[in-house]
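Single-structure report; data block below.
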Amino acid sequence: MSKLRFGYVTGPILGALWMVILAVTVAIAMSFATGQAFRPGILWSLVWGAMAGAGLVALGRGRPVQLGLSVAIIALMLIGFGPVLVGPETSFSARFVGALLLGISFGASIVPILDEITPGALTRHEFEGAVIRFLTGFGYIFFTAIVLIPFYVMVMTSLKNQSELIQNPLDFSIDLSKGTELFRSYDELFTQFNFGTYLFNSFSISVLTVFITLAFAIPGAYAVARLRFRGQAAFSRSILLIYMVPMIVLALPIYIAFSMTGLRNSFWGIVMIYPVTTIPVALYMLQGYFRGLPAEIEEAGLMDGLSRLKVIWQITLPLSLPALASVSLYVFMIAWNEFLLAFMLLDDPTKFTLTRGIASLNSSEIPRQHLMAGSVIATVPIMAIFLGLEKFMTKGLTAGSVKG
């Protein structure tokens, strides 16, 4: 470790590793975007990355050095000795875009990583700072990739036709000249596969699940957090016990009970069973928040003559809006994405939820692009809702973590 804490060692090592990471990222991105052959050259990446890191440590990190790095990497890729290697059939324009992307990204990112790194001995603060900046950059790239790549593949596949998928299933580029023909799969889902009904059913069931869950969870969580009764501690600890039993274990009893009572294959049967899975988690989340609210405010309301119910309605709930918003969003996502119960209890296509409808597309008789289009339709609304209300969810989840 002591030898690593010298700039002439730290710089080349971090430069080499960072070049490998960017080379892999650019190769994957260009392969997906163009459908042409790009692959990372690990050996060349290590060599050029180490040389770039050593050069930055020795020469400084000014803009001329940064520009020179970018130009050098672009030139190396264009002559075939760069960190990203291309096949002979790869077009010059694609090769140039890949070179430009790698050169600019490396030149712009390696300079902040090696900031404060000098050729001589480094302090612990300087060494750890460089390593942390490197790991932070890697984290951004890694987690962005594992989120975006599956979604990108799903979207691109949904925009293709059957002949393109058969010809090259791994080509995720698209031909923009087709215009509205790209969205043919989406049009067929709504006109031929009844996806409008699936969307309406899922939205209605999810909204009703939220209201039913809150109707039971709010008084239950308030009772656990504020009232004193026999068995309170045991009840509080056992709220999430239902999640210790896998839903697949309960599948057969639920199926038999719903079949005997005539609730199977019905809209209201689904509405009844979904809150059973969401009420425990809502109780758990809300009781923690209610405990964090100052009890003195409620006691003042009681002294002013308000009943306990009015205190909850007029004082506690207005103060708990962030928590209620986060719980509602979480419950909505659970109901929207639920599959096992819907698959088990629904047989009538007019009553399918969105997840059940997508499962019906998983057939050899239905083109694969229709399944991907259905997945996009199911993913985009909940993603938009989550991104739009994320600040409320974060605020609600953390507001009750500190008492007072």
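Since every read-out is calculated from the coordinates, none of them should be taken as a lab result. Quick caveat: nothing in here was measured; it's all calculated off a predicted structure. FYI the Cβ positions are ideal-geometry reconstructions off the backbone, even for glycines, and counts take in every protein chain you see.
Annotations
- Here each label is just a point 7 Å from Cα along the line to Cβ, and for Leu252 and Arg39 those points are 5.0 nm apart.
- Projection of the Cα convex hull of region 210-328, averaged over all directions and equal to a quarter of that hull's surface, yields 8.9 nm².
- Each peptide in 69-80, 303-314, 6-17, 117-128 was scored by the mean count of other Cβ atoms within 10 Å over its residues; highest first, the order is 6-17, 69-80, 117-128, 303-314.
- In region 52-193, the alpha-carbon atoms span a convex hull of 152 Å³ per residue.
- Taken one residue at a time, the phi angles of region 89-104 give Karplus couplings (6.51, -1.76, 1.60, θ = phi - 60°) of 7, 5, 5, 5, 5, 5, 5, 5, 4, x, 5, 5, 5, 5, x, 5 Hz. Gly and Pro are set to x.
- Theoretical gain in end-to-end length, Phe386 to Glu299 [0.36 nm per residue, Cα-Cα removed]: 27.8 nm
- Angle in degrees between helix 63-78 and the longest Cα principal axis of the chain, rounded to the nearest 10: 80
- Axis angle, to the nearest 10 degrees, between helix 247-261 and the longest C-alpha principal axis of the chain: 40 degrees.
- By average C-beta atoms within 10 angstrom, highest first, the peptides 289-296, 99-106, 40-47: 99-106, 40-47, 289-296
- Near the amide H of Leu122, within less than 5 Å, lie the amide hydrogens of Phe6, Gly7, all on another chain or at least 5 residues away, with H placed in the peptide plane.
- Per residue of the chain, the DSSP helices (runs of n ≥ 4 H) give a summed -39500 (n - 2.57) that works out to -23500 deg cm²/dmol at 222 nm.
- Taking the chain as the region of interest, the number of lysine pairs whose Cα atoms are within less than 27 Å, with members eight or more places apart or on different chains, is 5.
- The value obtained for region 43-114, namely the Cα convex hull volume divided by the number of residues, is 72 Å³ per residue.
- If you wrap the Cα atoms of region 188-399 in a convex hull and average its projected area over all directions, you get 14.1 nm².
- Identified option (computed P(r) over Cα pairs in 20 Å bins from 0, in percent; candidates (1) 20, 36, 35, 9, 0; (2) 27, 52, 19, 2; (3) 23, 40, 26, 10, 0): (1)
- Within region 195-304: Cβ-based charge dipole about Cα centre, in debye rounded to nearest 20 (Lys, Arg +1; Asp, Glu -1): 400
- A compact globular protein would have a Cα radius of gyration near 2.2 N^0.38 Å; the ratio found for region 262-327 is 1.51.
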